[in-house]
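First up is the structure itself, then whatever we jot down about it.
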Amino acid sequence: MILVELTMTVKGYLTKGLVMLILLCMCTAYIPSVHSANSIPLSNHALSYEEHIPFSINDDLDFTSHGFSGSGSVEDPYVIENLRISGTICISIRNIDSHYVIRNCYLIGGGSNAALLMTNTRNGIVQDCIVVGNPRYGIELSGVEEFSIINSSFHNGNSGIRMSSSRNCTAIKCTTSNNAKGIDISGGQNSTVTQCKIYGNSLSGIELDGFSEGHLVFNNSIGWNGGFDDIHPLNNAEDDGTWNRWDDGIAQGNRWSNLQQTDEHQIDGTAGSRDHFPVTLLDLDFPIIEPSSDITIEYETRGNTVSWNASDDFPYSYSLSLDGNEPQIMPWHGRTISVDIDNLSPGVHNITLEVRDARGNVDQDTVDISVIPGLIGGMGTPIVVMASILSGISVIVVILLIKKF
């Protein structure tokens, strides 16, 4: 009788121990540590570039000393490429007559200077570059001749492109948006702006001042500039110069968002200029977002992001809202939009992306994010698996002990 009671007592203790052990294993798998406030750091991702400090080129030897290839000839120009630079003046080139190319660079300017400053130089090319930040000018050509800006974009500056006292320069297939002024031409002669997108700039699209002469502006899409408040009315273009032309004289003018007459378009300003072959700029297409899938992440792990590919002919801005809170609005330049979600607390969250083009067309996508609590300190899934294995072994051992008694 005593032996039976002893056996029952042992079994009772073992059973209680088993329950406590199981509960302990379950709890340790779900104890979150202290977390920071939810946030959604935003980024409008660029491509991959090599980080580089700002630099100046004042003679041919500087190209070599900075490690750039080329000899400065037409056939073998100096080449500056694939760099990511942040600074008040990212690249400054002056007093150079040799041939050179700046291509595929990502520049973040700021302050009272130009991110790309070209002074008293010639025979240069800027190609496939992106300039953002908050520079006074995205690129400034001052006293420059025979210079080309090709397939590059300039955003968030006082002026995207500024040509000052420059001659025979060309801007072709460029984009200027989210600046105060898209393109600003002061003085100079015989430069050309063609096949560019000039839109969504807060004060004006393109301005030619009273000292400008003989410039040619044609085959561009110019729209939705100015008109962002009651103080600054719609102002796609202004010409105060002399003998500036707004069509090719044959059959091709520009595309205008504010076209009133289809036979010709009067350009604002004192010059009395006209585009004799204007076309209405229409944008009836909504932005397109490739939806991002709902995801599940473990709390306190790192490197978690949500990314969207979005596209539009005239991208302007995007906003992100976490769990229905006030959205954060950022300029959209048509590239991948990515969100860091490492700091989200355990639970279910949602992030809504809204993209907007310059005309006001909108698209949205919402992603649900499930954040699963991890172990103490965020030690991760491997230890959860180990704890489960140990729990199973413990259960087996306890059962065997009970049977033994």
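Read-outs: derived from the displayed coordinates by stated rules, not from any lab. Quick caveat: nothing in here was measured; it's all calculated off a predicted structure. Because the Cβ atoms are built from the backbone with ideal geometry, glycine has one as well, and the counts that use them run over all protein chains shown.
Values computed for the structure shown
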| item | result |
| --- | --- |
| Cα-based equivalent ellipsoid of segment 286-373: semi-axis lengths in Å, sorted from largest, via gyration tensor | 25, 12, 10 |
| Rounded to whole Å, sorted largest first: equivalent-ellipsoid semi-axes of segment 50-280, Cα gyration tensor | 31, 19, 14 |
| Relative contact order computed over segment 50-280 (Cα-Cα under 8 Å; 6+ residues apart), in percent | 10 |
| Segment 112-165: relative contact order in percent, alpha carbon pairs under 8 Å with at least 6 residues between | 41 |
| Relative contact order computed over segment 286-373 (Cα-Cα under 8 Å; 6+ residues apart), in percent | 39 |
| Residue-count net charge about D368 - beta-carbon cut-off 12 Å; Lys, Arg +1, Asp, Glu -1 | -3 |
| Summed side-chain charge close to I108 - residues other than I108 whose Cβ falls under 13 Å, Lys, Arg +1, Asp, Glu -1 | 0 |
| For segment 164-280: rounded, prolate or oblate by the Cα gyration tensor [a/c cutoff 1.5] | rounded |
| Per-residue HN-Hα couplings for segment 127-136 [Karplus 6.51, -1.76, 1.60; θ = phi - 60°; Hz; x = Gly/Pro] | 9, 6, 9, 10, 10, 10, x, 9, x, 5 |
